[in-house]
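Input: a single structure, listed below in structure tokens.
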Amino acid sequence: MIIVIIIAIVAIILFTTEYFSADLTAFLVMVSLMISGIITPEEGLSGFSNMATITVFALLVLSLGLQSTGVVNYLGERLEQVTGTSELRIMLLTVIVVGFLSAFMNNTAIVAIFLPIITRLSEYAKVSPSKFLMPLSFAAMIGGSATIIGTSTNILAAAIYEQKMKESIGIFEFFYLGLIFFIAFVLFMLFIGKYIIPERKQVDSLTQNYNLQQYLTQIIIKKDSPMIGQKLEDTELMKRYYRVRLIALVREGEEDLWLPSQVEAIQEGDMLIIKADLKDLLEIQGKQGIKVSQDNLDDTELNSEETVLFEAVIGRSSFLVGKRIKDVNFRHLLGALPLAIRKSGFSLARQVWEETVEFGDVLLLQARRKNLTQFYNSQDFIVLGKVKKKNFRRHRMLLSSIIVLGVIVVAALNLMPIVTAALAGAALLFVTGCMSMRYAYRKMDWRVIFLLAGILPLGIAVQKTGVDSLIAQQIIEFTGNASPRLVISMLFLITTLLTSFMSNNATAVLLTPIALMIASELHLDPKPFVLTVMFAASTSFLTPIGYQTNTLVYGAGQYTFMDFVKVGGLLTLLVWGLATLLIPWMYF
């Protein structure tokens, strides 16, 4: 028990601090439990064949099928046509559509698809995107909590329940409870949320948004410059001032050279557009043969027929995550140049090259227009602003929708287990040509699979060593002879607080066995206790790091940590109160 508790505490610390990625932490937990002898190799590896892991995998494939044929994008574009410039309609229709879709699809993927759409709608309405992006994330979370298949957390908790109790939870068994939560959420957003969600000031100029103008300038090569005739890579400018970044070379009578080759020779009259600190600019200004322009540069100078300035959110599976910007050759890999980055609501332009990229960061990039398509099609980036129209495969859209709907109906009517129906639906998507195997391999979020497979053995260890019984008894002793409603309320609060700082899936694996043990000790129906863990782990509104959809909109909405505490805190209190009232009333 001591070993398991130590491993669990270390895991919670690693999940909270994100010292390692969540999937790596889960993998280390699995290995540690096997090495310690707490669980056998078969038990340690059982997470890879667990029904919950396979079900999540199959449902992710179904979600990818709808994405590949353009179903979600199609709905998003239709949304643009009916909202107009009304802030109320944008808010209302966004949360309803996203909430509905999230009940049946991966909610992180839905938020990623709707991010640029909502950004574009906010531009039409001349309202800051911050007014809509937090509701977008919250709607996806609370919508996903309404069904078993809406989120991997529910699937995990339901699988542990079924393994222990030898009975399953129906796909729509708690839909009415989820619907009440969703209606309460919509009312909260319309009458409270819209007034307390901050409206971050937006300006048309991206360079102003990122405070980039003070670092951009033009230098002109005079006739007495010693750099004339030298290659760019050999000039003192490039060799000595390592913080100077050359963006473009403008030569009279010739086409502008964006990110010119380092072997390009300097000529008299050349104008170089550079990014540098004020200290370096002052030193450069005193050099012979160089004239520093006093004019501030903005989007106009950085956008041309050849180049475009744009924002891109770092995707969850991006190859950039964990890397310093200066260690990535953006020029050769992506044909782009990073000019600034927004992290945790703060814009950083000065030392952008030293920053480490994290999921949810927003990069301000300048790229060749011809390279923009690869950013739209990449899973590494979510391009904000203008949304690239998708070529819809209308026949495949209908077919993929029918297949996914068929899976839901078959599972809901208990004609076959969810995992069987989902795998059959995935197979049909491949056979009918709605999606290729190669697309699935490339787009699949393998981190989720390894996270689930790695963390599930911890649940086995918790039950095997009696840690679940120990913690359950401590909770019962703390509550004394309190009513089941108070126990439910405390369990919800503990789960919510824990999920606010670590993986919601890890929280579900840790607390579902404890919830089952509490029910056993109290001689009560275990189902409401498991449902409490499900809803609490799936509705972590309190922090931007507690749930992936929150992290995704964190930088894009220019939110601060306290914005989530303020708005999400009130919403958490509302849901906590409803759960305390409704779960015992509906299920005891």
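Per-residue Karplus couplings for region 483-494, computed as 6.51 cos²θ - 1.76 cosθ + 1.60 with θ equal to phi - 60°, are listed in order as 6, x, 4, 5, 5, 4, 4, 5, 4, 4, 5, 4 Hz, Gly and Pro entered as x. Fully extending the segment from Glu42 to His523 would add 169.9 nm, taking 0.36 nm per residue of separation and subtracting the current Cα-Cα distance. Determine the alpha carbon to alpha carbon distance for each of Lys201/Lys566; Lys194/Lys343; Lys287/Lys326; Lys131/Lys201; Lys231/Lys287; Lys194/Lys566 and list only those over 22 Å. From Lys201/Lys566; Lys194/Lys343; Lys287/Lys326; Lys131/Lys201; Lys231/Lys287; Lys194/Lys566, over 22 Å: Lys194/Lys343; Lys287/Lys326. Extension gain, Ser483 to Glu233, is 82.5 nm, computed as 0.36 nm per intervening residue step minus the present C-alpha separation.
Peptides 401-409, 151-159, 552-560 ranked from most to least packed give 151-159, 552-560, 401-409, packing being the mean of other C-beta atoms within 10 angstrom over each peptide's residues. For region 203-390, the relative contact order works out to 24 percent when only alpha carbon pairs closer than 8 Å and six or more residues apart are counted. Near the amide H of Ala336, within less than 5 Å, lie the amide hydrogens of Arg331, all on another chain or at least 5 residues away, with H placed in the peptide plane. Taking 0.36 nm per residue of sequence separation and removing the Cα-Cα distance, the Lys222/Val10 pair yields an extension gain of 70.1 nm. Met165 to Ser86: FRET efficiency via 1/(1 + (r/R0)^6), r the Cβ-Cβ distance, R0 56 Å, to the nearest 0.05? Result of the calculation: an efficiency of 0.70. Rank the residues Arg368, Arg394, Arg438 as a footprinting-exposure proxy: fewest other Cβ atoms within 10 Å of their Cβ go first. Ordered from fewest to most neighbouring Cβ atoms within 10 Å, Arg368, Arg394, Arg438 come out as Arg438, Arg394, Arg368. Farthest toward the positive end of the dipole of region 203-390, out of Ser261, Gln351, Val292, is the Cα of Gln351, where the dipole comes from beta carbon charges about the Cα centre. Between the Cα long axis of helix 561-587 and the first principal axis of the chain there is an angle of about 20°, rounded to the nearest 10. For region 99-201, GluC sites (Glu not before Pro) are listed when DSSP marks them as loop and at most 13 other Cβ atoms sit within 10 Å of their Cβ; the list is Glu167, Glu199. Database remark: amide H of Ile290 closer than 5 angstrom to the amide H of Lys222 (H placed geometrically; neighbours at sequence offset of 5 or more, or on other chains; Pro and chain starts carry no H).
Modelled label positions at Leu413 and Met586, each set 7 Å beyond Cα in the direction of Cβ, lie 2.5 nm from each other.
In this label model, Ser378 and Leu405 are separated by 3.7 nm, measuring between points 7 Å along each Cα→Cβ vector.
For Ile247, the residues whose modelled amide H falls within less than 5 Å of its own, excluding neighbours fewer than 5 places apart on the same chain, are Ile273, Ile274, Lys275.
Applied to region 76-86, the Karplus parametrisation 6.51 cos²θ - 1.76 cosθ + 1.60 on θ = phi - 60° returns per-residue 3J(HN,Hα) values of x, 5, 5, 4, 4, 6, 9, 7, x, 10, 7 Hz, with x for Gly and Pro. The packing ranking, built from the mean of other Cβ atoms within 10 Å per residue, places the peptides 460-472, 208-220 in the order 460-472, 208-220, highest first.
By count of other Cβ within 10 Å, fewest leading, how are Ile228, Ile13, Ile518 ordered? Display every interim value, and only then the final one.
Working: Ile228 17, Ile13 13, Ile518 27.
The most exposed by this proxy come first: Ile13, Ile228, Ile518.
If R0 is taken as 60 Å, the Cβ-Cβ distance between Tyr124 and Leu470 corresponds to a FRET efficiency of 0.60. Scalar couplings 3J(HN,Hα) for region 26-33, obtained by applying the Karplus form with A = 6.51, B = -1.76, C = 1.60 to θ = phi - 60°, are 4, 4, 5, 4, 4, 5, 4, 5 Hz; x denotes Gly and Pro. In a DSSP loop and with at most 11 other Cβ atoms within 10 Å, the trypsin sites (Lys or Arg not before Pro) in region 91-135 are Lys126. How high is the relative contact order of the chain, in percent, with contacts defined as C-alpha pairs under 8 Å that are six or more residues apart? RCO, the chain: 21 percent.
Using only side-chain charges placed at the Cβ, +1 for Lys and Arg and -1 for Asp and Glu, the dipole size of the chain relative to its Cα centre rounds to 760 debye. Packing-based ranking of 98-104, 474-480 yields 98-104, 474-480, ordered from highest to lowest mean Cβ neighbour count within 10 Å.
Here, each number is a calculation from the coordinates, and none is a lab measurement. Predicted model only: the values in this text are computed from it and were never measured. Neighbour counts are summed over all protein chains in view; Cβ atoms, including those assigned to glycine, are modelled from backbone coordinates with ideal geometry.
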